[in-house]
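Undergrad: Handing you a structure now.
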There are 2 protein chains.
Amino acid sequence: MLGPDLVADPTRTTPDVELLEALLDQGRTADAVGLLVPLHTADAAAAITELPPEHRAVVLANLEPDLAAEIVEDLPYDVVVRTFEDLDPEIAAAILKEAKTDTEADILQDIPEERAEAILARLDVAEAAIAREMLAYDEDSAGGLMGKEYVAIPPGLTSREAVRVLRSRRAEIREFPVGYIYVVDSHGKLRGVVGLRSLLLCDPDATIADLMNPQPVTVPPTMPGEELVKIFRRYHFIAIPVVHDDGRLLGIVTQEDALAFEKEESDEELLQISGIVTGEELREMPTLQRASRRLYWLSLKIVLNVAGAAVIAKYESTLAQMAAIAVLLPIVSDMGGSAGSQAVAVSIRELALDRVRPKEFLEVLGKEIAVGLFNGLVLGAIVALGAWIWKGSPMLAALAAIAVGFNTILAVSVGGLLPLVLRRFKFDPAIASLPLLTTITDFCGFLLTLSLASRWIDSF
Amino acid sequence: MLGPDLVADPTRTTPDVELLEALLDQGRTADAVGLLVPLHTADAAAAITELPPEHRAVVLANLEPDLAAEIVEDLPYDVVVRTFEDLDPEIAAAILKEAKTDTEADILQDIPEERAEAILARLDVAEAAIAREMLAYDEDSAGGLMGKEYVAIPPGLTSREAVRVLRSRRAEIREFPVGYIYVVDSHGKLRGVVGLRSLLLCDPDATIADLMNPQPVTVPPTMPGEELVKIFRRYHFIAIPVVHDDGRLLGIVTQEDALAFEKEESDEELLQISGIVTGEELREMPTLQRASRRLYWLSLKIVLNVAGAAVIAKYESTLAQMAAIAVLLPIVSDMGGSAGSQAVAVSIRELALDRVRPKEFLEVLGKEIAVGLFNGLVLGAIVALGAWIWKGSPMLAALAAIAVGFNTILAVSVGGLLPLVLRRFKFDPAIASLPLLTTITDFCGFLLTLSLASRWIDSF
């Protein structure tokens with residue numbers, strides 16, 4: 001929830017990043033930091049993001065640790081990780097002590113291990129123990145996404161007593177993300193959840209045990225992030241408690257954390273569909289790293305292209321006799337790829353929305369064949385007309401119609417099915433569908449076009 | 001915020017959709033509806049979504065209007081719109097009266113106009129006036145996304161008095177989305193915002209005027225949804241008040257509404273990138289409609305393909321003499337398309353994350369040329385090696401290296417730039433980048449390959 005100090009003040013404006021950079025270049029760190037302190041943390045974070053990487057650690061190191069920690073929450077995550085690699089472990093530890101526990105664990109997980117150990121050695125024992133506990137969870141699981149920032153009260157209190165407890169912890173609670181209180185017994189087991197709103201609106205003598213929901217939905221720390229997102233999307237919870245097998249409350253995942261995770265996943269998906277296989281490429285990364293991440297995929301594409309090329313090579317003599325066919329091949333390939341990728345997109349989206357199940361491939365196949373038939377007929381007719389006008393050959397026109405038409409039907413059917421089949425066998429449809437699709441459609445399309453051409457060669 | 005009744009009860013389970021469908025087929029509507037009533041609304045919505053369209057309106061019509069309205073909030077939006085087209089206007093009006101105002105306006109906007117008018121005529125005067133006011137805003141603006149579900153109190157009260165007001169409206173407030181109270185003067189102008197948490201934790205004699213944040217961030221009803229999403233992403237607000245030019249509070253947009261809007265936009269983007277230009281295709285739509293939506297794009301691709309085909313046709317005599325070149329063309333085309341679309345994905349993502357500005361095209365160009373050079377050299381070498389092994393011709397190998405290498409460099413540079421240029425000229429980079437890219441790279445790649453081949457033809 002939003003405290004007054006978290007509201008952006010319209011009189012504060014974003015500073016001139018060039019001025020900031022000039023001050024830092026001249027070593028006038030205190031002046032530069034002085035420009036950032038009065039800003040909303042989100043605006044300060046935006047300015048720091050635009051600075052050259054070497055200045056970012058200097059700025060963070062010269063802010064008060066609690067302000068630095070707030071700014072860290074607003075920085076893009078890749079900037080945070082790179083900056084923490086540069087920070088003095090003493091200063092990094094001071095900032096992480098003030099940061100949210102899930103952020104702390106994420107950073108410690110993603111920086112080089114000896115750096116992380118150096119920072120952990122500088123945290124106090126309790127803090128380091130929590131950090132190590134968090135590090136044990138997979139970053140993309142409920143355990144990795146949860147935070148330790150929640151209020152727990154015992155079940156025996158009245159509403160009035162609970163409010164008194166909360167008031168005594170006012171400063172701390174203000175910073176906490178959401179409007180729930182967790183009812184936890186002396187063994188640390190979760191007994192129920194009370195909304196702040198209920199506490200505000202109820203009779204002061206009501207007991208917490210009466211007010212609380214004794215059967216809240218909980219998740220285990222091992223639940224994968226994708227599952228968690230589905231629960232948030234379906235039930236619109238604002239936060240979900242993460243509970244150990246034995247019933248102990250471990251932390252809470254907020255809707256915001258879950259949706260930020262989902263957003264990251266979908267950003268990554270765009271890159272993966274385009275064949276950037278590992279992680280989130282940004283132009284700030286070193287060129288060699290960026291080039292080699294992309295090359296991985298392009299090398300695979302070369303291998304896949306060999307299938308199509310081999311088909312064409314096999315019909316070299318046909319092409320020598322009838323070079324017009326070579327004009328047709330890229331059209332067959334491109335129309336198949338385009339029509340098929342539309343079907344891929346619909347399937348990927350329907351899977352993501354839970355509107356189709358991986359086993360429903362017969363229904364999908366039927367529907368896509370219908371669409372493919374219609375579009376294949378229309379596209380085949382258009383290309384045939386073009387071929388006829390160009391060469392005046394009805395046989396070439398017929399060949400064009402059959403090649404483009406059949407390949408479109410095939411591409412649409414295969415494109416619709418592939419994501420379902422891949423999901424069924426636990427592959428990520430976003431990564432693998434398009435390359436498989438183009439390989440299959442090029443191979444079949446070229447084979448069809450060229451084998452027909454070689455058979456009809458004397459009739460053209 | 002989540003009331004206890006909104007918590008999914010683990011003892012309730014999703015019903016057997018086949019049983020549900022069988023009951024509805026037999027006209028046993030009451031029995032079918034009886035299976036849905038005890039469920040969490042999200043689970044009931046999931047079951048209704050899986051029913052054949054003709055049964056959905058029957059089910060909704062036979063539920064209590066307030067329960068139907070809650071289920072409507074959880075149904076996929078395309079299902080809601082189609083179902084409201086089938087509902088009796090009397091029943092539709094009864095359900096919409098209980099629904100959230102932004103949902104009501106969205107539905108009335110997206111069903112056929114005479115249907116909407118028939119429903120509006122059956123709402124009471126005040127309700128219809130609010131609906132018409134909401135209808136005046138663009139669906140994708142702050143006005144279209146906002147709801148009227150908020151609590152307003154006058155500024156003169158003490159905290160104790162404010163709590164008394166809230167208690168008297170307890171039932172209504174429970175259903176409201178977030179933990180804020182809006183301080184509004186006698187002219188309806190927004191004076192400040194108070195968090196429920198502050199109200200709970202403060203001294204009961206504190207005045208609302210002291211507790212409130214007197215300068216909350218507000219947005220005008222005309223603000224586009226994309227801008228709104230950026231504000232939510234940047235400042236992590238849970239809700240933002242929508243305020244008229246004259247200072248009157250019109251409604252509030254919640255973070256959840258804004259993020260749902262963003263999610264819809266990004267789902268739509270996946271389809272647009274694949275060339276499904278209008279709206280969100282689902283397999284439930286009639287085949288002819290789905291096919292023609294896709295055809296629009298495919299027809300454009302045919303026209304664009306003519307550019308590449310024309311280049312190949314021009315060199316027909318070269319191809320007849322040296323059919324091996326035809327094997328190379330699809331590889332040149334596919335490597336260019338693949339390498340370029342990686343650069344497109346990075347640019348689109350950096351634009352979305354505000355990590356690059358549309359005017360920074362010189363920086364982007366420099367960085368992409370570096371990546372293109374590296375990958376172009378490697379890919380060119382691989383293809384050249386393949387060509388050499390295949391035909392034993394060093395000239396063919398050189399041609400392959402130059403064609404694939406240069407085309408990759410070109411494709412990566414163009415792919416990186418196109419989204420920035422398109423955004424600069426207010427086109428949507430997600431839609432237009434890939435087709436323009438493949439047209440440019442095919443045209444240039446074919447021209448380069450074939451013109452070199454025709455010049456070197458005697459050396460092979």
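Undergrad: Would you mind checking which residues have amide H under 5 Å from residue B:158's amide H? H placed 1.01 Å from N; only 5 or more apart, or other chain.
TA: Counting only residues 5 or more places away or on other chains, the set is B:208.
Undergrad: Still on this structure, I have one more. I need the fraction of alpha carbon pairs in segment B:325-436 separated by more than 17 Å, rounded to a whole percent. Can you show the working numbers first?
TA: Numbers: 3311 of 6216 pairs.
Tail of the P(r) past 17 Å holds 53 percent of the pairs.
Undergrad: Quick check for me: using +1 on Lys/Arg Cβ and -1 on Asp/Glu Cβ, what's the dipole size of segment A:4-136 about its Cα centre, in debye to the nearest 20?
TA: On the way: 9 positive and 31 negative charges, 25 e Å.
In debye, rounded to 20, segment A:4-136 gives about 120.
Undergrad: Next up: What are the nm distances, shortest first, from residue A:81 to its equivalents in the other copies, labels at 7 Å along Cα→Cβ?
TA: 3.9
Undergrad: Kindly rank B:399-407, A:341-349 from highest to lowest mean number of other beta carbons found within 10 Å of each residue. Display every interim value, and only then the final one.
TA: Working: B:399-407: 25.0, A:341-349: 26.6.
Put in order of decreasing packing, that is A:341-349, B:399-407.
Undergrad: Averaged over B:179-186, how many beta carbons belonging to a partner chain fall within 10 Å of each residue's beta carbon? Please report the intermediate quantities before stating the final value.
TA: Working: counts 9, 2, 0, 0, 0, 0, 0, 0.
What the average comes to for B:179-186 is 1.
Undergrad: Leaving out same-chain residues fewer than 8 places away, which lysines sit with a Cα under 19 Å from that of residue B:189?
TA: Within the straight-line cut-off, residue B:189 pairs with B:148.
Undergrad: Also: Taking only the alpha carbons of the protein assembly as shown, what extent do you get along each of the three principal axes, in Å, biggest first?
TA: The Cα atoms of the protein assembly as shown stretch 97, 78, 56 Å along their principal axes.
Undergrad: Also, I was wondering about something else. Taking amide hydrogens as modeled 1.01 Å from N in the peptide plane, which residues meet the under 5 Å criterion relative to residue B:223, leaving out close sequence neighbours?
TA: Here B:142, B:143 satisfy the definition.
Undergrad: Order A:390, B:388, B:297 by their accessible area, 1.4 angstrom probe, all chains in place, largest first. Spell out each step's value before the answer.
TA: Details: A:390 100, B:388 135, B:297 20 Å².
Result of the area sort, largest leading: B:388, A:390, B:297.
Undergrad: A follow-up question, please. Please report, as a whole percent, how much of the solvent-accessible surface of the protein assembly as shown comes from carbon and sulfur atoms (probe radius 1.4 Å).
TA: Details: 21940 of 38130 Å².
Here it works out to 58 percent.
Undergrad: Counting only other residues whose beta carbon sits under 15 Å from that of residue A:207, what net charge do I get with K and R as +1, D and E as -1? Don't jump to the answer; show the numbers that get you there.
TA: On the way: positive: A:160, A:164, A:191; negative: A:161, A:185, A:203, A:205, A:210.
Result for the local shell: -2.
Undergrad: With heavy atoms of protein chains only and a 1.4 Å probe, what residues of segment B:318-332 have at least 40 Å² less accessible area in the full set of chains than alone?
TA: Residues passing the criterion (a loss of at least 40 Å², heavy atoms only) are B:320, B:323, B:326, B:327, B:330, B:331.
Undergrad: Over the Cα atoms of segment A:389-441, what Rg and Dmax result, in angstrom?
TA: Spelled out, the Cα radius of gyration and Dmax of segment A:389-441 are 15.7, 50 Å.
Undergrad: If the label for residue A:155 sits 7 angstrom from Cα along the Cα-to-Cβ line, what are its distances to the same label in every other copy, in nm to one decimal, shortest first?
TA: Its label point is 4.7 nm from the equivalent points in the other copies.
Undergrad: For segment B:264-313, what does the accessible surface come to per residue with a 1.4 Å probe? Please give it in Å². Mind showing how you got there, number by number?
TA: Details: 1960 Å² over 50 residues.
Computed with neighbouring chains in place, this is 39 Å² per residue.
Undergrad: Taking Cα atoms, how many degrees apart are the long axis of helix A:394-424 and the longest axis of chain A, rounded to 10 and kept between 0 and 90?
TA: 30
Undergrad: In Å and whole numbers, how far do the C-alpha atoms of segment A:264-358 stretch along each principal axis, longest first?
TA: 53, 41, 19
Undergrad: Which whole-Hz couplings ³J(HN,Hα) result when phi for each residue of segment A:148-163 is put into the Karplus expression 6.51 cos²θ - 1.76 cosθ + 1.60, θ = phi - 60°, listed in order with x for Gly and Pro?
TA: After applying 6.51 cos²θ - 1.76 cosθ + 1.60, I find 8, 7, 8, 9, 10, 10, x, x, x, 6, 8, 4, 4, 5, 4, 4 Hz.
Undergrad: To the nearest 10 degrees, how steeply does helix A:287-314 sit against the main Cα axis of chain A, on a 0 to 90 scale?
TA: Its long axis makes an angle of about 20 degrees.
Undergrad: Here is a follow-up. Pairs to check: B:263/B:359; B:100/B:263; A:301/B:391. Give those whose C-alpha atoms are more than 23 Å from each other in this structure.
TA: Details: B:263/B:359 27 Å; B:100/B:263 20 Å; A:301/B:391 21 Å.
Pairs exceeding the cut-off: B:263/B:359.
Undergrad: How many angstrom lie between the Cα centre of segment A:32-101 and the Cα centre of segment B:261-320?
TA: About 45 Å separates the Cα centre of segment A:32-101 from the one of segment B:261-320.
Undergrad: Collect residues whose amide H, placed 1.01 Å from N in the peptide plane, falls under 5 Å from the amide H of residue B:149; neighbours closer than 5 in sequence don't count.
TA: Those lying under 5 Å, H to H, from residue B:149 are B:101, B:252.
Undergrad: As an exercise, use a Förster radius of 56 Å and the Cβ-Cβ distance of residue A:164 and residue B:138 to find the FRET efficiency, rounded to the nearest 0.05.
TA: On the way: r = 48 Å, r/R0 = 0.86.
So the FRET efficiency works out to roughly 0.70.
Undergrad: Right, another one. Of the listed peptides B:121-131, B:230-240, A:131-141, what is their order by residue-averaged count of other C-beta atoms within 10 Å, with the highest listed first? Don't skip to the end; give the middle numbers.
TA: Numbers: B:121-131: 14.0, B:230-240: 20.5, A:131-141: 17.4.
Result, highest mean Cβ count within 10 Å first: B:230-240, A:131-141, B:121-131.
Undergrad: In square angstrom, what is the accessible area per residue of segment A:149-258 with a 1.4 angstrom probe? Can you show the working numbers first?
TA: Values: 4690 Å² over 110 residues.
The answer is 43 Å² per residue.
Undergrad: Normalised by the empirical 2.2 N^0.38 Å for globular proteins, what value does the Cα Rg of segment B:227-287 take? Write out the running numbers ahead of the final one.
TA: Details: Rg = 15.8 Å, N = 61, 2.2 N^0.38 = 10.5 Å.
Rounded to two decimals, the normalised Rg is 1.51.
Undergrad: Still on this structure, I have one more. Over the alpha-carbon set of segment B:12-86, work out the extent along each principal axis and list the three values in angstrom, largest first.
TA: For segment B:12-86, the Cα extents along the three principal axes come out at 26, 25, 20 Å.
Undergrad: Now for a different question. Just counting partner chain Cβ atoms within 10 Å, what average do the residues of peptide B:235-244 show around their Cβ?
TA: Details: counts 9, 9, 5, 8, 2, 1, 0, 0, 0, 0.
Per-residue shielding by partner chains comes out at 3.
Undergrad: Residue by residue through segment A:369-386, which ³J(HN,Hα) values in whole Hz follow from phi under the Karplus form 6.51 cos²θ - 1.76 cosθ + 1.60 (θ = phi - 60°), with glycine and proline marked x?
TA: Per-residue couplings from phi come out as 4, 4, 5, x, 4, 4, 5, x, 5, 5, 5, x, 5, 5, 5, 4, 4, x Hz.
Undergrad: Still on this structure: Starting from 0 in steps of 20 Å, tell me what percent of the Cα-Cα pairs of chain A lands in each bin.
TA: 19, 39, 28, 13, 1
Undergrad: To one decimal in nm, how far is residue A:21 from the same spot in the other copies, if labels go 7 Å from Cα toward Cβ? Please give the shortest first.
TA: Distances to the matching label points in the other copies: 6.1 nm.
Undergrad: May I pose another question? Relative to the first principal axis of the alpha-carbon coordinates of chain A, what is the inclination of helix A:255-273, with its axis defined by its Cα atoms, in degrees from 0 to 90 and to the nearest 10?
TA: 30
Undergrad: Another question about this same structure. Using a 1.4 angstrom probe, figure out how much accessible area segment A:330-396 has per residue, in square angstrom, rounded to the nearest whole. Don't jump to the answer; show the numbers that get you there.
TA: Working: 2710 Å² over 67 residues.
Roughly 40 Å² per residue, with all protein chains present.
Undergrad: Same structure again: Ignoring ligands, DNA and RNA, how much accessible area is buried between chains A and B, both sides summed, with a 1.4 Å probe, to the nearest 100 Å²?
TA: Details: alone 24620 and 24620 Å², together 38130 Å².
Using a 1.4 Å probe on protein heavy atoms, the buried area is about 11100 Å².
Undergrad: Rounded if a/c is under 1.5, else prolate if a/b beats b/c, else oblate: with a ≥ b ≥ c from the C-alpha gyration tensor eigenvalues square-rooted, which is segment A:136-192? Walk me through the intermediate numbers first.
TA: On the way: a/c = 3.11, a/b = 1.59, b/c = 1.96.
Verdict is oblate for segment A:136-192.
Undergrad: A further question on this structure: Can you tell me the alpha carbon radius of gyration of segment B:152-271 divided by the globular rule-of-thumb value 2.2 N^0.38 Å? Kindly include the intermediate steps, with their values, before the conclusion.
TA: On the way: Rg = 15.9 Å, N = 120, 2.2 N^0.38 = 13.6 Å.
Cα-based Rg divided by the globular estimate yields 1.17.
Undergrad: How many partner chain Cβ atoms sit within 10 Å of a residue's Cβ in peptide A:365-374, on average, as a whole number?
TA: Values: counts 0, 2, 5, 3, 1, 5, 12, 2, 2, 7.
Average neighbour count from other chains, rounded to a whole number: 4.
The values are calculated or read from the model by the stated rules, or taken from the named source; none is laboratory data. Please read these numbers as outputs of a predicted model, since none were measured by experiment. Here the Cβ is made from the backbone with ideal geometry for all residues, glycine too, and neighbour counts use every protein chain on show. All accessible areas refer to the heavy atoms of the entire protein, side chains included, with ligands and DNA or RNA removed. Shrake-Rupley method; radii C 1.70, N 1.55, O 1.52, S 1.80 Å.
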